[in-house]
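The values are calculated or read from the model by the stated rules, or taken from the named source; none is laboratory data. Here the structure is a predicted model, which means the values were calculated and not measured. In this analysis, Cβ positions are derived from the backbone assuming ideal geometry, glycine residues included, and neighbour counts consider all displayed protein chains. Ligands, DNA and RNA are stripped out before the accessible areas are found, and what is left, the full protein with its side chains, is counted by its heavy atoms. Shrake-Rupley method; radii C 1.70, N 1.55, O 1.52, S 1.80 Å.
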Amino acid sequence: MKLLNQACACVLLSAGLLSQATAAECIAPANPGGGWDFTCRSISKIMHDIGAVDKPIQVTNMAGGGGGLAYTHVVNERGTDEELIVAASSATATRLAQNAYAGMTADQVKFLGAIGADPGVLVVGKDSPFKSLTDLLDAVKADPTSVTFAGGSAAGGFDHLKVLMALGRVGFTDISKVKYIGVDGGADAITQTIGGFTQAMTGDISEVVGFLKSGDVRVLAVFADERIAGDDFSDIPTAKEQGVDVVAVNWRGLYVPNDISDEAYNKWSDALAQVAASDEWAEAMTANGLAPFTKVGADFAGYLDGVIAEIQTLSKELGVIK
Amino acid sequence: MEVFSLLADGFAVALTPQNMMLAVIGCVIGTMVGALPGLGPSNGVAILIPISFSFGLDATQSLVLMTSVYYGAMYGGRISSILLNIPGDEPALMTTLDGYPMAKQGRAAEALVLSGVASFVGATFATIGLMFLAPWLAQVAFLFGPAEYFALFLLAFCTLGGMASNNQRKAAIAACIGLGISMIGLDNSSGMPRLTGGSLHLMDGVDFLVAIVGLFAVAEVFIFIESHGKESAIGVKLGKVTIPFMMIVKSFGAMVRASVVGFIAGVLPGAGASLGSFLAYMTEKAISKDKDTFGTGNPRGVAAPEAGNNAAAGGALVPMLTLGVPGSGTTAVLLALLMTLNITPGPMLFKERPDLVWGLIATLFIANFVLLILNVPLVKIFVKLLSVPPWVLLPGVTMVSFVGIYSLSGSYFDLLLMIGFGVLGYFLRKIDVPTVPIILGILLGNHMEDKLRQAMVISGGDWTYLFSSPIAIGLWIAAIVGFVAPMFLSKFLKKPSAVSD
Amino acid sequence: MPDPVGSKLFPIMIGVVGFICAVAIFLKPDEAPNWPKLGIVFSILCAVVTLVGYAYALKPLGFIIPTAVASGVVSYLIRRNLLTALLTGVGLSVGLFALFKYALGLGLVAFSKNLIG
């Protein structure tokens, strides 16, 4: 019965019916299959495999509001839970910067660190008339209603912003005309694009790996400083190469509730640093097109403040917030 | 044929004594989880993921365990639907409509055996479909854009009319209540809360499990208090448990038809098992000669939704494996499991990991047989539940529901909401408004709105876009016919008696 | 960001359809249902109050005591028999606790620590 015991303990973990917590939890604020889910699952698994934590970490998916649901949940109901980590990314910072989490701010949780970055991509179906990033951007410039972008984040989210940033660089500023639909995750966005309902998909490279290998899609550009290493990726041109100076990487990291003890915070940041240094993580990054990007603890917090300020300026410039 | 040699390899992978044991364990746990109100297949699979880690199971073993739980829960959901009029999980909703009346007539055992066989037929059909057609079927997902999904959801709501009540207006108003409830919470498109009245508890929206348990289980308690336990299935003499061969043979056509409908609904990532069982039931009712006996204990009304929901469960594996798009909450959890095992489902999975895919398919066949063998003899034990007197059974069901719902969120708020739904359910039963459309509204409302808004963004506000593809037009026509036909037909047909009496 | 539908239109559409249905029902009402007598309404209210109390008591008081009381009351409301109600309350609370704790392995708290001291 030990088997069942452990299983059910995990169910009731959040129920507060438990006499004592038996395992930590990682909340992925989106449906399975997307970037946050990958972050939670890989980091949780590696933390346990390399012995950084004693017990396996339970992963919970809490989709909704572009991560806002999980954020409010953590701030309001789990503020002192020391056995909780939550997947975060540039999207989390973006939405916080844009005041899109129902007025919540970045200082209501503690950011733990980032240990990898997923470069943004613009993807079209294999039969698309758009052969390069310039083709696509020119088409939008000529007639914004002719192109709909699909992405896994809600309107105004990071996936949406990437498109607007690229358009801004080529002198298109009438961004309220750009058509974008936010669907349930990157895989869904690709399905809609392959189906021809939307003309392009904006997302992260990890979300397109399978479709890239099968040849169903063509990646027009990757928004990184340099091309991504690896057989499947090295052929993809960067946006910079094509004269569109946008670097939009989606860092992958974690936050923890605000009111946990310093020991708990340090315990988690140590564990995260161990993951970052592990071979397993290096493998996972390669397999999923992530570029190394390690900032843990105070270092990360400082970096994040800068990023949020930058996104705020940018969003105002782009007219996403007033 | 290549498929069969691949399948043989799959069986070679899956058929080890250890895997068989895991399959049996998975099926038993799945059936239990599915049968308990408030716990659904997604819970079952989710709680078992940590186990596969702590026991160091490899990829195949974990998959064997999980898929057995997955299929087991789909079988289990019908048990409480039939015996207690409380759906064990959301796809089992439709099984209450004819399953519970059958139980009331003392035919609980027949209904259970029949639905077990129907589940087997549906699941087997879906597995065969998955085996031969998966790569081709994956293309179907590309044919469904926002406009097509919107029309599909509309079809579901339009056919509600002739379903549970003799009164189309009441079914429609129930659907509106459900849709309205689904609007509560964060608006998917903008991420802003709506209709929450500022309550943070309502930010996440209303969980359909809370609504199901409230409307069915808690409301049942109030009904029993009113009748002092006299008007019930309980006390009805239990028939001998025999296998109703004739009934199975007669319903076989219904099972096959329902399997096809359910499987197609399952393959569409936006539809899911609940819609599968719903459409299977409605199709069967629409083509049946004795429409008016549906809702009063027609065996085909039990066979169709069960075959439909199990076929949909299998169908949902198609987009999950070939596109990485989960078609239902449960496949979402399975997808998550694959990802933890470092397997990324997608168009390359069948080529890159044939061992795994065919092992999975073989497992589905094994789990299915194990479940059929387990379930038919177990019917004897299940029907014993009916010999428990109501003044013990109902408090018991209520307490199980409370613990189940409490385990969802750990907040007393959901419990209060559930009691609220119980009161609402009682009133609606008194005034003969069916509760099934409410659940359907809560389940599908958000998706329906999202698809409408996405369609309008794509078209730039042009409403004709909603009818711009042959698939969409076909669905719209079916929806309109489904809505209008009962209005005219009801004049010619005898009024079917109400389900909630 | 063009969103021609916005976040209000769909709920309003539902409201309109719901209103039309309500009017249709009002214009062509069914036979009035058999509303329960006052005593039964009171019984149902008692059940509601008990369940609400149970929802609040579950966390602070642990599983066994609130479950025994709540299931006892519900049982009594269904069948007016003190003995069976008492037995149901005690039996269900202990039995379900055993089922959840030992068969299903849920980590239920039997008694609140505050109560035991």
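Within the full protein context, the accessible area of C:Lys59 is estimated at about 120 Å² for a probe radius of 1.4 Å. Summarising the label geometry, the points placed 7 Å from Cα in the beta-carbon direction at A:Asp127 and B:Lys351 lie 1.9 nm from one another.
Residues A:His73, B:His447, sorted by accessible area with the largest first, give B:His447, A:His73 [1.4 Å probe; ligands and nucleic acids excluded]. For region A:188-200, backbone phi angles converted through the Karplus equation (6.51, -1.76, 1.60; θ = phi - 60°) give residue-by-residue couplings of 5, 4, 5, 4, 5, 6, 4, x, x, 7, 10, 8, 8 Hz, Gly and Pro being listed as x. In region C:16-33, burial by the other protein chains removes 50 Å² or more of accessible area from C:Cys21, C:Ile25, C:Asp30, compared with the chain on its own (1.4 Å probe, ligands and nucleic acids ignored). FRET efficiency for the pair A:Thr313 and A:Ser261, taken as 1/(1 + (r/R0)^6) with r the Cβ-Cβ distance and R0 = 25 Å, rounds to 0.10. Taking the DSSP beta bridges with both ends in region A:119-242, the antiparallel portion is around 55 percent.
If you take all other residues with their beta carbon under 13 Å from the beta carbon of C:Ile14, and give Lys and Arg +1 and Asp and Glu -1, the sum is +1.
Once the Cβ-Cβ distance of C:Ile12 and B:Ile471 is raised to the sixth power relative to R0 = 30 Å, the FRET efficiency obtained is 0.60.
Bridgeable aspartates and glutamates around A:Lys267 (alpha carbons under 19 Å apart, same-chain partners fewer than 8 residues away excluded): A:Glu25, A:Asp49, A:Asp54, A:Asp81, A:Glu82, A:Glu83, A:Asp259, A:Asp299. Label separation (A:Asp107 vs C:Leu99): 5.2 nm, computed from points 7 Å beyond Cα along the C-beta direction.
Summed over both chains, the contact between B and A buries some 4100 Å² of accessible surface at a probe radius of 1.4 Å. Interface C-B: total buried accessible area of about 4500 Å², 1.4 Å probe, protein heavy atoms only. Enumerate the residues in region A:239-267 having an amide nitrogen under 17 Å from the point lying 7 Å beyond the Cα of A:Arg169 toward its Cβ. Hits in region A:239-267 for A:Arg169 at 17 Å: A:239-251.
Any idea of the accessible area per residue across region A:119-242, 1.4 Å probe, to the nearest Å²? List each step's numbers first, then the result.
On the way: 4050 Å² over 124 residues.
Value for region A:119-242: 33 Å² per residue.
So for C:Glu31, A:Glu310, what's the accessible-area order with a 1.4 Å probe, most first? Don't jump to the answer; show the numbers that get you there.
Details: C:Glu31 175, A:Glu310 120 Å².
Final ranking, largest accessible area leading: C:Glu31, A:Glu310.
The modelled label-to-label distance for the pair B:Arg194/B:Trp463, using points 7 Å beyond Cα in the direction of Cβ, is 1.8 nm. Counting only protein heavy atoms and a probe of 1.4 Å, the accessible surface of chain A is 48% carbon and sulfur.
Whole angstrom only: what separates the Cα centroid of region A:67-141 from the Cα centroid of region C:3-66? About 38 Å separates the Cα centre of region A:67-141 from the one of region C:3-66. Taking every residue in C:76-85 and counting other chain Cβ atoms within 10 Å of its Cβ, the average works out to 5.
By definition, a body whose alpha carbon gyration tensor gives a ≥ b ≥ c is oblate when a/c is 1.5 or more and a/b is not larger than b/c, and region A:155-245 fits this oblate description. The largest accessible area among B:Lys170, A:Lys316 belongs to the first residue in A:Lys316, B:Lys170, and the rest follow in falling order (1.4 Å probe, all chains). Along the Cα-to-Cβ line of C:Ala32, 7 Å from the Cα, sits a label point; which residues in region B:404-445 have backbone N less than 16 Å from it? Residues B:430-432 fall inside that zone.
Taken one residue at a time, the phi angles of region B:167-177 give Karplus couplings (6.51, -1.76, 1.60, θ = phi - 60°) of 10, 4, 4, 6, 4, 5, 5, 5, 4, 5, 4 Hz. Gly and Pro are set to x. Tell me, rounded to the nearest percent, the portion of alpha carbon pairs in region C:1-73 spaced more than 17 Å apart. I get 70 percent for the Cα pairs in region C:1-73 exceeding 17 Å.
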